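The values are calculated or read from the model by the stated rules, or taken from the named source; none is laboratory data. Because the structure is a prediction, the values reported are computed rather than measured. Cβ atoms come from the backbone with ideal geometry, glycine included; neighbour counts cover every protein chain shown. Keep in mind that these areas ignore ligands, DNA and RNA; they rest on the heavy atoms of the full protein, side chains included. Shrake-Rupley method; radii C 1.70, N 1.55, O 1.52, S 1.80 Å.
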Amino acid sequence: TKPWQHLEMGALADLIAELGFEGIELPVRPGFQVEPESVGVSLPEAVQVFKERGLMIHSVAGDLDERTAAALVDSGVPILRTMLKIENGKSYRENVESFRNTCLSLGKVLDGSTTTIGLQNHCDEFVTSAIGVIHAIDPLPEEQVTAVLDLGHTGLDGEMEDIAIDVAWPRLSLVNLKNAIRFPEGKDKFGATIWKRTWVPGREGYTSWSTVIEELAKRDYQKPICLTCEYKDEAGRGLSGNDVIPPLKEDLAFLKELISEFY
C-alpha cells in the first residue's frame, strides 16, 4: 500500500477491498499510517480495520528490530519483510554476517510464533538473487527466517524465473510480482552507455509472469502473491495515489487470468 501513504486507514482498507485484493503488505515507516515509534499500538488497530473488510495484512515492510518484530508477533502478521543492503566499507560476507546476527538476536521474540523474517532480493546494492537470499538465510532457523522472492528484481539481474523459484522454494514464504526494463540514458566519460531501470506493467518487462505462475502452479504454491504497485511515467517519475490504479487494475486482471489458466 506504499502508493497511498496519506490515506486514512479505513479509507485505505476500503480502497483495497474495492480493487479486489485479499490482503496487503503494510509499510511501517515514518509518515505512513503505521509509524515505527507507535507500531505496538497502531499495527493491531490496522489489522482489525482490514479484518473488518475481510482482508489480511500478510506482511509488513519495516525495521528489523525487537519493537517491530514484537508488534507483528502480537498482531499475528506472518512476515516482517526486509532486504540486505551491502553497506560501503564492509565486505559482502561481513554484511551477510551482520544480517544473520540481527536475525538471531530476534530469536526469542519470534520463538513459538507464526511470524517470520522474510528476506527479499533487490537489484543493485543489495543481495540481488534467489541464490543470494538462500545463502544469507541458510544457517538460520527455518521457522524464523524465510525467503521473499521478487521476480521483478530477478528479471533485472537476469536470473531465470523457474530457476529462481526452484532455488528459493525450500524457504519461500512470499512472492512479489512487478516488472521492469532497462533503457539507455546517455554516455559516461568513456563513451560507454549508461543504463537506467524503470518499472512497467506486468506484460511489458523482462520477467515472464506466465512462466512465474506456471512454475508456482506446478508446485501448488498457496502462499501470498504481492503486487508491489511500482510504476513510472514517461519522465521516469514514480506513480502514486490514484495514478497507480489503472495499471494496477490491469496487472491484477492479468494475474487472475494466469492463475485461472495454470491452477
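I'd like the full set of residues that are open to solvent by 30 Å² or more (accessible area, probe 1.4 Å) and over 20 Å from SER173 (Cα atoms), limited to segment 214-244.
GLU230, LYS232, ASP233, GLU234, ALA235, GLY236, ARG237, GLY238, LEU239, SER240, ASN242, ASP243
Residue-by-condition table, conditions (1) in a helix (DSSP H, G or I); (2) surrounded by fewer than 17 Cβ atoms within 10 Å (Cβ to Cβ); (3) in contact with an Asp or Glu (Cβ under 7 Å, 6 or more places away or on another chain):
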position	(1), (2), (3)
GLY31	no, yes, no
PHE50	yes, no, no
ILE57	no, no, no
ALA71	yes, no, no
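Quick check: anything in segment 205-227 part of a helix (DSSP H, G or I), in contact (Cβ under 8 Å) with a residue 12 or more places away in the chain, out of contact with any strand residue (DSSP E or B) (no Cβ under 9 Å at 6 or more places or on another chain) and hydrophobic (A, V, I, L, M, F, W, C)?
yes
So that you can scan it fast, the table gives a plain yes or no per residue for (1) assigned to a loop (DSSP other than H, G, I, E, B); (2) closer than 23 Å to LEU43 by Cα; (3) over 17 Å from the mean Cα position of the chain (by Cα); (4) modelled with pLDDT of 95 or more:
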position	(1), (2), (3), (4)
THR82	no, yes, no, yes
ASN88	yes, no, yes, no
THR102	no, yes, yes, yes
HIS122	yes, no, no, yes
GLY132	no, no, no, yes
GLU142	yes, no, yes, yes
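Yes/no matrix, rows are residues, columns are (1) closer than 21 Å to LEU110 by Cα; (2) touching a residue at least 60 places away in the same chain (Cβ under 8 Å); (3) not aromatic (Phe, Trp, Tyr):
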site	(1), (2), (3)
LEU15	no, no, yes
PRO27	yes, no, yes
PRO30	no, no, yes
PRO36	yes, no, yes
PRO44	yes, no, yes
ARG53	no, no, yes
SER59	yes, yes, yes
ASP63	yes, no, yes
VAL73	yes, no, yes
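Do we have any residue at all in segment 170-187 that's buried (at least 18 other Cβ atoms within 10 Å of the Cβ), small (Gly, Ala, Ser), over 19 Å from LEU156 (Cβ atoms) and under 20 Å from the mean Cα position of the chain (by Cα)?
yes
For segment 83-102, give me the residue count where each residue is open to solvent by less than 50 Å² (accessible area, probe 1.4 Å) and under 16 Å from HIS122 (Cα atoms).
5
Got a number for residues in segment 170-204 being part of a strand (DSSP E or B), more than 21 Å from GLU257 (Cα to Cα) and without any contact (Cβ under 8 Å) to a residue 40 or more places away in the chain?
Residues that pass the stated criteria total 11.
All but one of (1) hydrophobic (A, V, I, L, M, F, W, C); (2) surrounded by fewer than 19 Cβ atoms within 10 Å (Cβ to Cβ); (3) in contact with a helix residue (DSSP H, G or I) (Cβ under 6 Å, 6 or more places away or on another chain); (4) free of Cβ contacts under 8 Å to residues at least 40 places away in the same chain hold for LEU80; which doesn't?
(2)
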